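Visitor: Here you go, one structure.
The values are calculated or read from the model by the stated rules, or taken from the named source; none is laboratory data. On a predicted model such as this, the values are computed, not experimentally measured, just so you know. Cβ: placed from backbone, ideal geometry, glycine included. Neighbour counts: every protein chain shown. Accessible surface areas use protein heavy atoms only, side chains included; no ligands, DNA or RNA. Shrake-Rupley method; radii C 1.70, N 1.55, O 1.52, S 1.80 Å.
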Amino acid sequence: MNQLQMVDLKGQYQRLKPQIDAAMQAVIDSTAFINGPQVKTFAQNLSNYLQVAHVVPCANGTDALQIALMALDLPQGGEVIVPAFNYVATAEVIALLGLKPVFVDVLPDTFCIDPAKVREAITEKTVAIMPVHLFGQCAPMEEIMDLAIAQELFVIEDNAQAIGAEYVDAEGGTSFAGTIGHVGTTSFFPSKNLGCMGDGGAIFTQDEDIALVLQQTANHGQHKKYHYSRVGVNSRLDTLQAALLDVKLQHLDDFILRRQKAAAFYDSFFAEAEQIQIPTLAPYSSHVFHQYTLRVPAEDRDALKAYLHEKEIPSMIYYPVPLHLHEAYSFLGHKAGDFPVSEDLCQKVISLPMHTELTQEQQTFIAEAVLAFFKN
Ligand SMILES: *Cc1c(COP(=O)(O)O)cnc(C)c1O
């Protein structure tokens, strides 16, 4: 059995090597490293895949979030609602732009932002809501959009972790994650579900006017060569990365299927185990399993991680500390107890290896080790 990894980038590359190498070599031969034709082609193909009118490629998922906020021209000091149980990037860009991150708690079963808490957090100063489709599953978007429309707020979806996930609305219609709010963002960081060989990101919108401003903002605020209408940034997706991503996009459905199969196989081991809670599937979303995250008793979690480590089984704690308790966000004046669900999850979650190359042999070894820990 190969050495176990959280994400097997090498195995996936080996499997797709001929296609990927040819696409990247073509860029090298052309030397069109910046804004080569592959960038446009990939953006168009991704826009077709996601059924979203506009895709603006950029340098990474954090830039995507920052450019989205910049393009909406939000007033200084405006409040932006974000989940407390999350990766730091979403909150970081809010603070960086002179806006105020307003943390709210998440749903205990799906880990995504709790719409009831969003409603309570809305004030006169609220300007936007940033739901995060955490671990591969959509946040409850209809409730969030209803609140946003009623209060005239922008919604920016952080879809770094759930590209290809589908939201199912009350009528049974589906939309892809990241295409429901005013703007959606994603990351092509290597370990994401659609990952490149370095950094990359993209911004989505159905709105033509917003798309134009996003594009200009990502390109120094330029509307005409050497003419600048706003303060922008320099954030581009490399042509090499775009060429590679265009190959991988053709495999995205297969990647998702492989992750879903692996998740179901893990589930089959843990369904009976009393101390282990398997991922909850929301009725309103498909799950593309960026992470396969278990909840275990808080008093066992770190010992389980150490036990797995001894057996050379990697595992990760996403996330060990909720955002409101980090020093960087202490200026918001929060304390332990403010967001009990997020705080509780940080004590109980553990993510197992999840990627497109997992074998049943590997998964059996991993799952049996987890079960053995709780039998002792
Ligand atoms: C990875 C990630 C980001 C940032 O993406 P980068 O490409 O690393 O900048 C933002 N938000 C979430 C939820 C992420 O998981």
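Visitor: At most 11 other C-beta atoms within 10 Å and a DSSP loop state: those are the exposed trypsin sites (Lys or Arg not before Pro) I care about. Give me the longest piece of the chain that has none. Show your work: numbers first, answer last.
Guide: Values: sites that count: 225, 335.
Longest site-free region, per DSSP loop and neighbour criteria: 1-224.
Visitor: Could you tell me, in Å, what Rg and Dmax come out for the Cα atoms of segment 159-318?
Guide: 19.9, 64
Visitor: Further, regarding this structure: With only alpha-carbon pairs counted, each pair once and no self-pairs, how large is the Kirkwood hydrodynamic radius of segment 154-206 in angstroms?
Guide: On the way: mean 1/r = 0.0869 Å⁻¹.
Roughly 11.5 Å, rounded to one decimal.
Visitor: If you average 1/r over all unlike Cα pairs in segment 90-183 and invert the result, what Kirkwood radius do you get in angstrom? Don't skip to the end; give the middle numbers.
Guide: Working: mean 1/r = 0.0739 Å⁻¹.
With all distinct Cα pairs of segment 90-183 included, I get 13.5 Å.
Visitor: Calculate the dipole size of segment 33-113 relative to its Cα centre from +1 charges on Lys and Arg beta carbons and -1 charges on Asp and Glu beta carbons; express the result in debye to the nearest 20. Please report the intermediate quantities before stating the final value.
Guide: Working: 2 positive and 6 negative charges, 59 e Å.
Charge dipole, segment 33-113, about its Cα centre: 280 debye, nearest 20.
Visitor: Right, something else. Averaged per residue, what accessible area in Å² does the chain show with a 1.4 Å probe, protein chains only? Write out the running numbers ahead of the final one.
Guide: Working: 16450 Å² over 376 residues.
Computed with neighbouring chains in place, this is 44 Å² per residue.
Visitor: So, one more: For segment 9-249, list log₁₀ I(q)/I(0) at each q in 0.09, 0.14 Å⁻¹, using the Debye formula over Cα point scatterers of equal strength and ignoring solvent, two decimals each.
Guide: Ignoring solvent entirely, the Cα scatterers give -0.37, -0.88.
Visitor: So, one more: Go through segment 255-313 and name the GluC sites (Glu not before Pro) that are in a DSSP coil and have 14 or fewer other Cβ atoms within 10 Å of their Cβ.
Guide: On the way: sites: 272, 274, 299, 310, 312; in loops: 272, 274, 312.
Sites meeting the loop and neighbour criteria: 272, 274, 312.
Visitor: Relative contact order, percent, of the chain when contacts are C-alpha pairs under 8 Å separated by at least 6 residues?
Guide: Values: 763 pairs, mean separation 82.1, N = 376.
Computed value for the chain: 22 percent relative contact order.
Visitor: Just how large is the dipole of segment 70-124 about the Cα centre, in debye to the nearest 20, putting +1 at every Lys and Arg Cβ and -1 at every Asp and Glu Cβ? Can you show the working numbers first?
Guide: On the way: 3 positive and 8 negative charges, 11 e Å.
Once rounded to the nearest 20, the dipole reads 60 debye.
Visitor: Let me ask you something else. Give me the aspartates and glutamates in straight-line cross-link reach of residue 192: C-alpha distance below 12 Å, same-chain residues under 8 apart excluded.
Guide: The qualifying aspartates and glutamates are 8.
Visitor: Beyond 18 Å, what share of the Cα-Cα pairs of segment 252-375 is found? Please give it as a whole percent. Each step should come with its number before you reach the end.
Guide: Details: 4337 of 7626 pairs.
Of the Cα pairs, 57 percent sit more than 18 Å apart.
Visitor: Using only the heavy atoms of the protein chains and a 1.4 Å probe, how would 133, 334, 227 rank by accessible area, largest first?
Guide: Working: 133 0, 334 60, 227 85 Å².
So the residues, ranked largest to smallest area, are 227, 334, 133.
Visitor: Same structure, new question: About the Cα centre of segment 252-375, how large is the charge dipole given +1 on each Lys and Arg Cβ and -1 on each Asp and Glu Cβ? Please answer in debye to the nearest 20.
Guide: Numbers: 10 positive and 17 negative charges, 25 e Å.
The calculation lands at about 120 debye.
Visitor: Two decimals is fine: what's Rg over Rh for segment 75-145, C-alpha atoms, Kirkwood radius as Rh? Before the final figure, lay out each step's value.
Guide: Working: Rg = 11.5 Å, Rh = 12.1 Å.
Using only Cα positions, Rg/Rh for segment 75-145 is 0.95.
Visitor: Quick one: of the DSSP bridges fully inside the chain, what percent are antiparallel, nearest 5?
Guide: Numbers: 24 of 38 bridges.
Of the beta bridges lying entirely in the chain, close to 65 percent run antiparallel.
Visitor: Could you give the distance between the Cα centres of segment 296-367 and segment 18-32, to the whole Å?
Guide: 39
Visitor: Among residues other than residue 126 whose Cβ falls under 12 Å from its Cβ, what is the net charge (Lys/Arg +1, Asp/Glu -1)? Kindly include the intermediate steps, with their values, before the conclusion.
Guide: On the way: positive: 100, 119, 125; negative: 79, 120, 124, 152.
Here the count lands on -1.
Visitor: Grab the other residues whose beta carbon is less than 15 angstrom from that of residue 340, score K and R as +1, D and E as -1, and report the net. Don't skip to the answer; put the middle values down first.
Guide: Values: positive: 117, 295, 335, 348; negative: 105, 109, 114, 120, 338, 343, 344.
In short, -3.
Visitor: Let me ask you something else. Counting helices only, and only those DSSP H runs with n ≥ 4, report the 222 nm mean residue ellipticity of the chain as the sum of -39,500 (n - 2.57) divided by its residues, in deg cm²/dmol to the nearest 500. It would help to have the intermediate numbers written out before the result.
Guide: Values: 12 runs with 152 residues, N = 376.
Dividing the helical sum by the residues of the chain leaves -12500 deg cm²/dmol.
Visitor: Could I ask something else about it? Tally up the carbon and sulfur contribution to the accessible surface of segment 252-375 as a whole percent, 1.4 Å probe, everything protein left in place.
Guide: Numbers: 3140 of 5870 Å².
The nonpolar share, carbon plus sulfur, comes to 54 percent.
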